[in-house]
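Before any comments, here is the structure.
Just so it is clear, none of the values below were taken in a lab; they were calculated from the coordinates. The structure presented is a predicted model; accordingly, all values stated were derived computationally and were not measured. Glycine gets a Cβ as well: all are built from the backbone with ideal geometry, and neighbour counts include every protein chain shown.
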Amino acid sequence: MMKKRMTAGALAALMAATLPISACAAQNSAPQPQLNTAEHMQYMNGYTDGTFRPDASITRAEASKLLASLLVNKVKNEDHLFNDVSVSAWYADAVRQMTGFGLVNGYTDGTFKPNAKITRAEFVAILSRFPHTDIGTDKSFADVPKTSWAYNAVQTALAQGWISAGTNFRPNAPITRAETVTILNRVLGRQADEFTINTSEGIRIMPDVPNTHWAYWDMLEATTDHKFDKSSGSEQWTSFDKETTDLTPGWHNIGGKLFHVNEDKQFDHDKFIGSLELDHNGYYITGSTELDALLASAVKSVVKDSMTQQQKLRAVYDYAKNTFGYLGIGAADTSKSDWALTSATDMLKTHKGNCYSWAAGFTYLARQVGFDAQAIPGTGVSPKGSESVHAWTEITIDGTAYTFDPQIESVYKKRYNENYDLFMKKYGEAVWGYKKPEVSEPEQPETVKVDKQLSALVSKIYGAHPFGGMGVAEEALYNGMGEDGMSRGLFWYLGTDDIKFEAGVASESMITSQAHSIVVLRFADEKQAADAAAKLKTTVDPRKWICVGVDEAKVVSKGKLVCVVMDDENGDYYINNFKANA
C-alpha cells in the first residue's frame with residue numbers, strides 16, 4: 001500500500017537504528033530535538049504488495065529517515081557527510097538531521113554503515129537521547145547488566161514505559177518493524193482506536209498481518225494518517241485517510257493466501273465473491289482453519305502472484321497431478337454438505353485418496369487461486385463407453401463450464417502409460433466423458449435371485465484366495481438388465497448388452513476404487529458359449545472403474561460356461577480354478 005509521504009519502495013522499510021551509546025553520545029552544544037506528538041501522520045508504510053513484513057529488521061539509514069520525519073524542528077548541518085553516504089542518497093538529509101542533533105554518529109573510520117541492521121538496545125539508546133523527565137525504576141533485565149553500554153538507555157526506556165518488563169530484553173537482537181512501531185507509539189503517546197478500526201470501511205488490510213497479531217493495532221496506528229481526539233482520555237480517531245493498494249483489481253496470492261482487490265483499489269473483506277468467502281482480514285477462508293493452512297502451504301510452494309490466473313490454475317492442477325496418489329477407499333457420502341471440505345482436508349494432509357479425494361482436493365486448490373470451482377460427484381465414461389461412479393472438478397469461466405480431472409490423467413499415466421489431457425475441457429470435448437447426476441433418484445427394480453449353481457462355482461473359483469479388498473458383492477445377471485434405466489446394465493459387466501444367455505452372476509468389489517470382477521455366464525450350448533467368449537474378449541473394459549483398472553480382462557469358456565476375470569493379483573489363479581471346476 002502506498003501513500004503520498006513515504007513509499008516502501010523508496011524507503012525500503014522506514015525503520016530505526018543507531019550505534020552503541022559509547023560511540024554516539026549527544027554533544028552538549030547540540031540543539032534539543034523534539035518529536036511531533038501533535039499530529040498523527042503516517043510514519044511507516046508497507047510494501048507494494050500490501051504487506052507490512054512485521055518480522056523484518058531495519059537499518060541505520062531507515063532509522064534516520066524514520067525519526068527525522070517525526071522531528072518538529074530542524075537543525076542546520078552543513079558538515080561533510082560520511083564517506084559511505086552519498087549526497088544524493090534518499091536518507092542523506094535525514095542523516096544530517098540526526099547527526100546535527102547528536103542522536104547518532106558515525107564510526108572512527110569515517111563511515112556511517114547505513115545498511116547495517118540496528119539492535120533493540122541501539123534503538124532505545126537513540127530514543128533515550130530525546131528530552132524526557134527522568135524516572136527511576138527498580139526493575140531491570142537479566143541480560144542487560146549495569147556494566148553494559150546500553151544499561152542506562154534500557155533502564156530509561158523501561159522506566160518511561162516504552163518497553164515492557166520481563167526476564168530478558170535481548171539487547172543484541174535486531175529490532176523488527178513490529179517492535180519498532182510498538183515502542184515508537186508509546187514514545188509518541190499514540191494508541192490505535194480499536195472501535196473505529198473494527199467498524200469502518202477503508203481501513204488498511206495487511207495481507208501478512210491478521211488482526212490477531214500482537215502488534216496489529218500499533219501497525220495500523222503507525223501506517224494510517226488520522227485526526228484524533230483525546231478529551232475522553234483515550235485516543236479516538238475522528239477521521240482517517242482510506243488506504244489503497246498498488247495491486248491491480250482482481251485476485252492475488254500473497255504468501256499462499258488469497259485476496260481480492262476491488263475497482264477502488266482496496267482489499268475486499270467480510271463478503272462473498274461467488275462462493276468464495278473473505279473474512280475480516282481479507283483472507284479467503286474455507287470454513288476450516290486446518291484446510292486453510294494446508295491450502296496456503298501448497299499454493300505458496302507452486303504459485304507466484306506475478307503469474308496469470310490461467311498459469312496459477314495450471315500450477316495447482318499440476319501440483320495435484322504430481323503430488324497426489326491413488327488409494328482405494330470407499331466412496332464419499334456426497335449427501336453431506338461438507339463432503340468436499342472433509343475429503344480435501346484428508347487429501348491435502350495424506351496426499352492419498354480416491355477420485356472423490358482428488359476432485360475435492362483440486363477444487364479447493366483452484367479456489368485458493370481465485371476460481372469458483374465445484375467438486376462434482378457423478379458418472380465417468382471411459383473411452384470404451386463403460387460407466388462408473390466418479391468425481392471431477394467443474395469450473396465455469398466466461399459462461400462456459402469446463403471439466404478438470406487430474407486423477408485420471410495421473411493414475412493412467414503411472415499405471416498404464418496412457419496419456420490423457422484432461423485439463424480444462426468442455427463437456428464432451430475430452431476422450432473421457434462426464435455425466436452429472438440426475439436430480440431425482442429412480443425407484444429400484446425388483447431383485448432377481450442369484451443362480452445357486454453359478455454362485456457355488458464362483459466360491460470354488462475364489463478357492464484359497466478370496467478377494468483381499470473391502471469385500472465383494474454378488475449380483476444376478478439377466479437378459480435385458482439395465483434397459484429400464486433403474487439398474488446397472490449388462491454393459492457395465494460385459495462391455496455389451498448384445499449377448500443372450502440363460503443365467504449369470506457377477507462378483508465384484510464393493511467399492512469402485514478397487515478393481516476386481518469375476519463374471520460367470522451359462523449359455524444354451526457350447527457354441528454359444530465359445531462365440532460369446534470371443535466377443536467378450538473385445539468388449540469387456542478393464543478400465544471400467546474409471547479411477548482404477550486392471551492390465552487386462554481374462555475371458556475363457558468351458559462347455560456351456562464363460563468366465564470373465566479382472567484381477568491383477570490372482571487373475572490366473574481364478575481362471576485355472578474355473579477350468580478345474582466348471
Next item on the list: For the chain, count all C-alpha to C-alpha pairs, find those more than 41 Å apart, and express that count as a whole percent of the total.
Entry: 48
Checklist line | Alpha-carbon Debye profile of the range 370-424, log10 I(q)/I(0) at 0.29 Å⁻¹ | finding: -1.22
Notebook entry, point to check: Of all GluC sites (Glu not before Pro) in the range 331-429, which ones are in loop regions per DSSP and have a Cβ with at most 13 other Cβ atoms within 10 Å?
Noted result: Glu429
Next item on the list: Tell me which residues come under 5 Å, amide H to amide H, from Gly325 once H is placed; ignore anything under 5 positions away on its chain.
Entry: Lys352, Gly353
Notebook entry, point to check: Tell me, what does the Kirkwood hydrodynamic radius of the range 255-365 come to in angstroms if you use every pair of distinct C-alpha atoms?
Noted result: 14.8
Checklist line | Value at 222 nm in deg cm²/dmol, rounded to 500, when DSSP H runs of n ≥ 4 in the chain each add -39,500 (n - 2.57) | finding: -9000 deg cm²/dmol
Note to self: Loop-only trypsin sites (Lys or Arg not before Pro) in the range 323-401, please: DSSP not H, G, I, E or B, and at most 15 other Cβ atoms within 10 Å.
What the structure shows: Lys336, Lys384
Checklist line | Net charge of neighbours whose Cβ lies under 13 Å from the Cβ of Asp93, counting Lys and Arg as +1 and Asp and Glu as -1 | finding: +2
Next item on the list: Calculate one ³J(HN,Hα) per residue across the range 209-217 by plugging θ = phi - 60° into the Karplus curve 6.51 cos²θ - 1.76 cosθ + 1.60, and present them in order as whole Hz with x for glycine and proline.
Entry: 9, x, 6, 8, 5, 4, 10, 3, 5
Next item on the list: Please give the per residue volume of the convex hull enclosing the alpha carbon atoms of the range 35-149, rounded to a whole number of Å³.
Entry: 162
Next item on the list: Working from the alpha-carbon coordinates of the range 130-245, get Rg over Rh, Rh being the Kirkwood radius.
Entry: 1.03
Check: By how many degrees, 0 to 90 and rounded to 10, does the Cα axis of helix 60-69 deviate from the longest principal axis of the chain?
Finding: 70
Item checked: Cα-based shape type of the range 323-421, given that a ≥ b ≥ c are square roots of the gyration tensor eigenvalues and the cut on a/c is 1.5 -> rounded
Check: Considering the dipole of the range 168-256 built from charges on the beta carbon (Lys and Arg +1, Asp and Glu -1) around the Cα centre, which of Ile175, Ile203, Ser234 is farthest to its positive end?
Finding: Ile175
Notebook entry, point to check: Could you list log10 I(q)/I(0) for the range 389-548 at q = 0.09, 0.15 Å⁻¹, which the Debye formula gives when each Cα is one point scatterer?
Noted result: -0.39, -0.99
Margin query: Please list, by residue number, every one of the GluC sites (Glu not before Pro) in the range 446-538 that is coil in DSSP and has at most 15 other beta-carbon atoms within 10 Å.
Written below: Glu446, Glu483, Glu502
Margin query: Could you compute the net charge surrounding Lys535? Neighbours are other residues with a C-beta less than 13 Å from the C-beta of Lys535; K and R count +1, D and E count -1.
Written below: 0
Notebook entry, point to check: Based on the Kirkwood radius over alpha-carbon pairs, what is the Stokes-Einstein translational diffusion coefficient of the range 68-206 at 25 °C with 0.890 mPa s viscosity, in µm²/s?
Noted result: 142
Notebook entry, point to check: What angle, in degrees between 0 and 90 and rounded to the nearest 10, separates the Cα long axis of helix 571-581 from the longest principal axis of the Cα atoms of the chain?
Noted result: 20
Item checked: Angle between the chain longest axis and helix 339-350 axis [Cα atoms, degrees, rounded to 10] -> 70
Notebook entry, point to check: Between rounded, prolate and oblate, where does the range 474-582 land on the alpha carbon gyration tensor, with a ≥ b ≥ c its root eigenvalues, rounded for a/c under 1.5, else prolate if a/b exceeds b/c?
Noted result: oblate
Notebook entry, point to check: Using unit Cβ charges (K, R positive; D, E negative) and no other charged atoms, how large, in debye to the nearest 20, is the dipole of the chain about its Cα centre?
Noted result: 1480
Item checked: Selection from Gln528, His516, Ala503, by position along the positive dipole direction of the range 484-567 (Cβ) -> Gln528
Next item on the list: Report, in cubic angstrom per residue, the convex hull volume of the C-alpha atoms of the range 523-582.
Entry: 70
Notebook entry, point to check: Mean 1/r over all different Cα pairs, inverted: what Kirkwood radius does the range 240-316 give, in Å?
Noted result: 13.1
Notebook entry, point to check: Can you give the Kirkwood hydrodynamic radius for the range 346-394, in Å, rounded to one decimal and based on Cα pairs?
Noted result: 11.4
Check: So, how do all the Cα-to-Cα distances of the range 363-459 break down into 5 Å bins, in percent, from 0 on up?
Finding: 2, 11, 17, 19, 14, 11, 9, 8, 5, 3, 2, 0
Checklist line | Val448 long-range amide H proximity, modeled H, under 5 Å | finding: none
Next item on the list: Taking H placed 1.01 Å from N in the peptide plane, check which residues at least 5 places from His40 or on another chain put their amide H under 5 Å from its amide H.
Entry: His226
